[in-house]
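All remarks here apply to the structure that follows.
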Amino acid sequence: MRVMHVLKTVSKAAPTSLHRSASKTSTRGRKSPVQRATAGAITITHADRVVYPGESITKGDVAAYYQRVMTSLLPNVVKRPLSVIRCPEGARNTCFFQKHPMGGLHHVGTIELKEEKGSLATYMYAKNASSILELVQFGAMEFHVWSTRIDRLETTDRVVFDLDPSPRVTWERIVAAARLLKVQLDELELTSFVRTSGGKGLHVVLPVNPACSWDLVKDFSHAIATRMATGQPQEFVDTASKTKRAGKIYVDYLRNTRGATSIANYSLRTRKNAPVATPLRWEELSKIEGGDAFTIRSLPRRLSRLRKDPWENIDSVKQTLSAAMKKLEVGA
C-alpha cells in the first residue's frame, strides 16, 4: 500500500527526449541498465528505476514526459508557489507532499512567505524548465500550484472548483455536475474552463482579475458550492465530511484559500497507469471516459494533434466577482 504524508524541510525551450548515457557491458557480455540520462542542464540519476511498477514506467520516462510537455506545462506553473509529491522509490511506495525546498536544489526558485500562524517559511517556485526537471531528479512526480504568482501573493487570479465524487458516483454524473456548474457561472456572466483531475473527478477553473482578494474568492466559491448543495442535495455536498458525502459529489471550494494548492495542468498523478491532469474544451466532455482518461503515454499524442491549447485564452480573461457576489446575495 502506498503511504502519503507531508514532509516539511527547509534547508530554454525543452528538448523532446532524454540523452541517455551508454550502457556498460559486464564481464558476462550483458548490458547493464541505463543509470544516468541528461535532460537539458539536469542529470537524471537512476533513470532506469521503475517508478510505476504496474506499467514499467521509469524515472527516465517521467523526465522525458515532462520534457515533451514542457511548453504546455510551464505557463501554468512558472513563478507560482508550488508543492510537489515526491516518490523517491516509486509511486507504489512511500510518497511525500512537500512544500518547502530540500537541500541541493540549484535551479528552483525560493521565496519567504508568511504562513497562517504568522511565521515565515521558505517555499519553492519554478523559474523555468530546469526547475521542473531538477525536481524530477529529486523524485518529484506531481506538481501542485497556488492560484497566484510570487509577485502578488495577497491576491489571486484563479478560482478552482474540485468536483470530488464518492466511490459510487458515475462518470456521467460528474460530467453533468461540471456542466451545471458552468451554467451557473455563465448566468453570472463568468467564463470558466475545465480539466480532468487525473483522478476520479473534474476541476472547473475560473480566471479572475488578479486584484481579487483571497477572502472574496473563498466567499464566492463557498456561495456557489452551497447553492449547488442546497439546490440538489441528493447530488451535491459542500462539506468534506465523509459521512455526508456517500453517493454524492463534494463541491470542494477550499482550494480557494491562501496557501492551498491544486494540481497543475499536465502534471502526472501517482496513480495506476500514470494519468495526467488534462485541460479540455468544454465540448470534449462528452468524449472523455473518466478523470484519468489521459496518461503519460497518450497525452503527448493528444498534444501533437491539438491545433491550439484548450486554455490558450485563460490569461487574457479578466473578470471580477463583485457583480456576481451581489447577484448571489440577492438570490440567497
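The values are calculated or read from the model by the stated rules, or taken from the named source; none is laboratory data. Everything numeric here is computed off the predicted structure, so don't read it as measured data. Cβ sites come from the backbone with ideal geometry, for glycine too, and all protein chains shown count toward neighbours.
Observations on the structure shown:
- Verdict on L185 being at pLDDT 95 or above, in a helix (DSSP H, G or I) and assigned by TED's automatic domain parsing to the domain that holds N256: yes
- One residue alone among V217, V204, V208 is closer than 24 Å to D292 by Cβ and either buried (at least 22 other Cβ atoms within 10 Å of the Cβ) or not small (G, A, S) (or both), and that residue is V204.
- Candidate set: the stretch 115-148, residues that are assigned to a loop (DSSP other than H, G, I, E, B) and under 12 Å from V84 (Cα atoms); chosen: the one farthest from the chain's Cα centre (by Cα): F138
- Evaluated against (1) in a helix (DSSP H, G or I); (2) touching a Phe, Trp or Tyr at 6+ places or on another chain (Cβ under 7 Å); (3) at pLDDT below 95, A225 falls short on exactly one condition, (3).
- If you go through the stretch 114-124 and keep only what is modelled with pLDDT under 95 and surrounded by 10 or more Cβ atoms within 10 Å (Cβ to Cβ), you end up with K114, E115.
- If the condition is being farther than 30 Å from P53 by Cβ and touching a strand residue (DSSP E or B) at 6+ places or on another chain (Cβ under 6 Å), then the stretch 80-113 contributes R80, P81, G109, T110, I111, E112, L113.
- Residue that is surrounded by the fewest Cβ atoms within 10 Å (Cβ to Cβ) [pool: residues in the stretch 286-303 that are among the β-branched types (V, I, T) and part of a loop (DSSP other than H, G, I, E, B)]: I288
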